[in-house]
Amino acid sequence: MPYSDSASPSLGKAFIALVRRDLLLAWKRPGDVLNPLFFFAMVATLFPLAVGPSVEQLALSGPGVLWVAALLAALLSLNSLFLTDYEDGSLDQLLLSPQPVVLLTLAKTTTHWLISGLPLVLVSPLIAVTFQMPGHAVGILMITLLLGTISLSLLGSIGAALTVGLNRGNALLSLLILPLAMPVLIFGARTVSLAAANDTVAAGIYFLGAYSAMAMVFAPFAAAAALKISNE
């Protein structure tokens with residue numbers, strides 16, 4: 001029997017229901033949440049041990065190391081964005097639902113950021129201590145990571161939708177996303193370096209904000225189209 005408008009939930013309720021569903025599934029698989037976080041922490045904390053305790057060296061390399069570690073940690077969890085639903089068949093049911101596919105991709109991307117991107121932002125001040133980063137630069141680091149991880153999750157949803165169900169899709173996903181993520185990495189690391197040197201950082205933050213806004217507008221539609229193509 002076809003769905004009627006009165007029987008279909010509103011877009012807001014459907015979005016919240018999808019996010020809640022994925023959060024509950026992630027709660028049952030804590031490794032999906034902890035693995036990127038541990039990876040970020042290990043890479044960022046091992047680097048000072050390798051290069052030595054020099055304050056000048058740590059201050060110079062710290063922003064780049066933290067941003068590279070955050071980027072790799074985000075890529076680590078992107079492959080599972082749609083893969084679990086694809087393997088258990090629930091992705092087909094979601095695509096056949098009366099709600100638009102764009103809503104599905106946006107909800108799953110939001111959940112991915114909540115369980116992988118947001119924890120990186122929250123733990124970054126603790127990691128920044130190992131690089132002798134000044135307090136005002138730590139605040140800028142959190143702002144840039146907040147905007148950057150949003151962009152990475154949105155861009156990653158496109159690659160995850162294109163590679164869902166493919167063998168060795170994780171390697172292909174990285175090749176697809178890295179060129180798009182390079183501006184985020186460059187401006188994010190450079191903005192934190194300028195903050196540590198007490199230079200102006202407004203341009204970098206504006207760029208990251210504009211980039212994340214542009215990704216928020218276009219990425220859900222691109223991911224929805226890629227998901228339909230991959231599922232045919």
Search result, residues across the stretch 20-47 that are over 20 Å from Val121 (Cα atoms) and touching a residue at least 24 places away in the same chain (Cβ under 8 Å): Asp22, Leu25
All positions within the stretch 44-81 that are among the hydroxyl-bearing types (Ser, Thr, Tyr) and either buried (at least 23 other Cβ atoms within 10 Å of the Cβ) or assigned to a loop (DSSP other than H, G, I, E, B) (or both): Ser54
Condition check for Leu155: at pLDDT below 85, buried (at least 18 other Cβ atoms within 10 Å of the Cβ) and under 26 Å from Val101 (Cβ atoms): no
Helices (runs of 4 or more DSSP H) within the stretch 117-232 that include 2 or more residues in contact (Cβ under 8 Å) with a residue 12 or more places away in the chain, of a type outside the set (A, V, I, L, M, F, W, C) and under 27 Å from Leu95 (Cβ atoms): 135-163, 169-196, 202-230
Checklist (1) crowded, with 20+ Cβ neighbours inside 10 Å; (2) within 22 Å of Leu106 (Cα to Cα); (3) not polar (S, T, N, Q) applied to Val192, failing item: (2)
Selection status of Ala107, in a helix (DSSP H, G or I) and under 25 Å from Thr191 (Cα atoms): no
Residue in the stretch 182-189 that is in contact with a helix residue (DSSP H, G or I) (Cβ under 9 Å, 6 or more places away or on another chain) and over 16 Å from Trp67 (Cα atoms) present: no
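The values are calculated or read from the model by the stated rules, or taken from the named source; none is laboratory data. Computed from a prediction, not measured in an experiment: that's the story for all the values here. Positions of Cβ are backbone-derived with ideal geometry, glycine not excepted, and every protein chain shown enters the neighbour counts.
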